[in-house]
Amino acid sequence: EEELPDGLDESCSQEEDEDSDSDASSLAGVSSRGSVALVPRNCAECPARPAEAQEKVLKPALVCSLFPNVPPTIYFSTRDERVEKLPWEQRKLLRWKMCTVTPNIVKQTVGRSHFRVSKKSSDWLGCWGHHMKSASFRAIRGHQKLNHFPGSFQIGRKDRLWRNLLKMQARCGKKEFNFFPQSFILPQDIKLLRKAWEEGASRQKWIVKPPASARGIGIQVIHKWSQLPKRRPLLVQRYLHKPYLIGGKKFDLRIYVYVTCYDPLRVYLFKDGLVRFASCKYSSSMKSLSNKFVHLTNYSVNKKNTEYKPNSDETACQGHKWALKALWSYLAQKGVNSEAIWEKIKDIVIKTIIASEPYVNSLVKMYVRRPYCCHELFGFDIMLDENLKPWILEVNISPSLHSNSPLDVSIKGQMIRDLLNLAGFVLPSMDSMAPRPQARSGPAGSLSSALKEKPKLASELFIAEKMKKAYYLTQKIPDQDFYSSVLDILTPDDVRILVETEDEYSRRGQFERVFPTHVSMRYLRFFEQPRYFNILVSQWELKYYLKKQKGLELLKSWCVKGYHAGAGTDLAQ
């Protein structure tokens with residue numbers, strides 16, 4: 001965990017490993033030359049690629065909410081679009097805090113929306129930076145967003161990930177949590193590892209990893225006890241020695257997972273990703289174990305091999321890096337049901353994020369002013385075995401966004417643009433920008449100014465909401481009939497959460513929401529502590545997923561009712 005720098009580093013360092021974007025632009029903006037086609041102001045869908053390279057479609061700077069009395073969000077464009085300029089009074093609020101780790105692809109995307117580099121440490125709206133110590137999240141103000149949650153290292157560090165998955169396995173059973181290899185954390189588990197080693201076959205293989213490294217550094221595959229390093233913290237896992245091979249080579253998948261909120265939990269998967277191949281043919285021979293080009297799939301390792309072949313075509317199944325969609329096409333031609341693999345990957349992602357949920361929620365409540373202030377992109381590394389069963393290898397809390405080829409630019413550029421639209425950046429009021437202490441607003445938000453003028457009404461609403469939450473969290477053996485009644489009478493808090501959830505979903509782009517969905521109720525038993533808002537949004541999805549428009553119309557009417565009752569402005573909190 002590292003501190004977010006207090007000062008602003010405008011001379012961002014070169015991105016390591018892969019940074020060679022040919023279209024890198026300054027944050028001050030992107031050239032607006034070329035012909036312009038006007039699009040209706042309320043249109044936020046990504047248009048088809050313009051026929052002429054120079055033609056750029058003009059897009060509105062703000063995306064309107066689906067609901068009345070809810071503020072619009074800032075629009076982030078593709079490279080084929082231009083974003084209109086807001087009036088200066090609003091445009092001057094578009095400030096982005098730069099760090100040495102801010103990727104070029106993020107700088108370019110926010111630059112197209114007319115963000116400028118923040119000159120101070122406190123007037124920014126967004127930052128893509130280092131992870132921080134939990135207490136440092138207190139410094140993030142209510143109108144600001146950082147690309148991390150406190151405590152996300154509980155799955156981002158290899159040793160914490162396995163410890164938490166083992167804990168989930170012990171609590172919920174091996175049948176539900178059988179997607180990770182047998183793992184030991186040294187030095188604590190040295191005796192357990194010795195026992196497993198002695199009980200194993202004579203030709204067993206183990207993979208040894210430092211708990212907090214990246215890019216394949218320090219990883220080795222071993223088959224003798226004497227090869228095991230004894231003096232440092234290590235993760236030792238049973239090696240998946242029968243991977244699914246393509247062209248005789250092993251590969252792994254980089255899946256992009258985006259979490260916008262932990263209470264209620266909202267998790268998205270980007271529909272494309274990367275497939276990374278080892279650059280030498282796979283061998284199960286003990287003699288090959290020291291050859292990293294055979295056993296490791298990391299790009300930063302394999303690019304050093306003279307045999308490494310790049311791939312610039314996102315639709316082609318060639319070279320040592322493919323698009324995920326190209327892999328699904330390849331497998332479909334082989335008669336493989338890739339949709340079934342995707343469903344299993346979604347299951348792994350949801351359960352792994354749930355493993356981090358108690359830690360993150362506890363720290364968010366302790367150190368973060370508003371749930372709005374945090375969001376996070378995770379890079380899940382998944383491997384397929386010979387039976388096409390997916391296994392989780394690790395989770396990255398700062399996945400590489402370096403783009404050294406057209407394939408990288410295409411996938412990561414679209415993903416970051418869709419992610420920032422999903423994030424829902426809102427222009428702050430001048431009041432919220434003022435340098436004064438703010439009370440923390442929890443997941444339930446604060447009551448509106450209208451309610452503050454009516455203390456009796458505010459007090460009654462607060463008590464009613466508290467009683468409703470307690471009622472649905474304290475039932476001994478709840479069933480579906482009981483849970484479905486949570487939608488019978490919606491409180492202003494309920495409406496706010498459902499409006500936020502539906503608005504966010506409408507901005508998803510090429511992300512697929514995997515939690516909540518109409519089948520999310522089956523996952524609620526895996527949470528260490530039940531959450532009222534998870535019950536609410538899961539029941540909402542179950543009831544309205546086939547009649548979305550009806551649900552939206554109902555929410556719109558509640559927004560209007562809530563507003564006239566003096567609570568509607570709370571939707572903007």
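Odds and ends about this structure:
- Per-peptide average of other Cβ atoms within 10 Å, ordering 108-121, 80-93 highest first: 108-121, 80-93
- Alpha-carbon centroid distance for the pair region 220-244 / region 526-541, whole angstrom: 39 Å
- Gyration tensor (alpha-carbon) shape descriptor, region 172-232, a/c threshold 1.5: oblate
- Listed values for region 65-72 are Karplus-derived 3J(HN,Hα) couplings in whole Hz (6.51 cos²θ - 1.76 cosθ + 1.60, θ = phi - 60°), namely 5, 6, 10, x, 6, 10, x, x, and x replaces Gly and Pro.
- Region 60-89 and region 460-488 have Cα centres lying 37 Å from one another.
- In sequence order, region 468-473 has phi-based couplings of 5, 4, 4, 4, 7, 9 Hz under the Karplus curve 6.51 cos²θ - 1.76 cosθ + 1.60, θ = phi - 60°, and Gly or Pro positions carry x.
- Rounded if a/c under 1.5, otherwise prolate or oblate - region 463-565, Cα gyration tensor axes: oblate
- When peptides 365-376, 516-527 are ranked by their average number of other Cβ atoms within 10 Å per residue, the highest-first order is 365-376, 516-527.
- Calculated FRET efficiency for the pair residue 526/residue 291, C-beta based, R₀ 51 Å, to 0.05: 0.85
- Around the amide H of residue 62, modelled in the peptide plane, lie the amide H atoms of 75, all under 5 Å away and 5 or more residues distant in sequence or on another chain.
- Over region 66-146, volume per residue of the alpha carbon convex hull, in Å³: 132 Å³
- Qualifying lysines (Cα of each under 20 Å from Cα of residue 547; at least 8 residues distant if same chain): 556
- Rg and Dmax [Cα atoms of region 153-397; Å; Rg one decimal, Dmax integer]: 18.4, 55
- Taking amide H as placed 1.01 Å from N in the peptide plane, residue 261 has its amide H under 5 Å from the amide H of 266, each at least 5 places away in sequence or on another chain.
- Loop GluC sites (Glu not before Pro), region 266-345 (other Cβ atoms within 10 Å of the site Cβ: 12 or fewer; DSSP): 307
- Inter-centroid distance (Cα atoms) of region 333-385 relative to region 97-116, Å: 25 Å
- When the alpha carbon coordinates of region 311-394 are projected onto the principal axes, the ranges are 50, 29, 18 Å, largest first.
- Unsatisfied cross-links (Cα-Cα over 31 Å) in the set 92/561; 158/321; 59/468; 209/389: 92/561; 59/468
- Residue by residue, region 370-375 carries 3J(HN,Hα) couplings of 9, x, 4, 6, 10, 7 Hz when phi is fed to the Karplus relation 6.51 cos²θ - 1.76 cosθ + 1.60 (θ = phi - 60°); x denotes Gly or Pro.
- Highest to lowest packing among 194-200, 298-304, 356-362, scored as the average C-beta count within 10 Å: 356-362, 298-304, 194-200
Where a number appears in this text, it was derived from the coordinates with a stated rule and is not lab data. Since we're looking at a predicted model, the values are computed, not measured. Neighbour counts run over all protein chains shown; Cβ positions are idealised from the backbone, glycine included.
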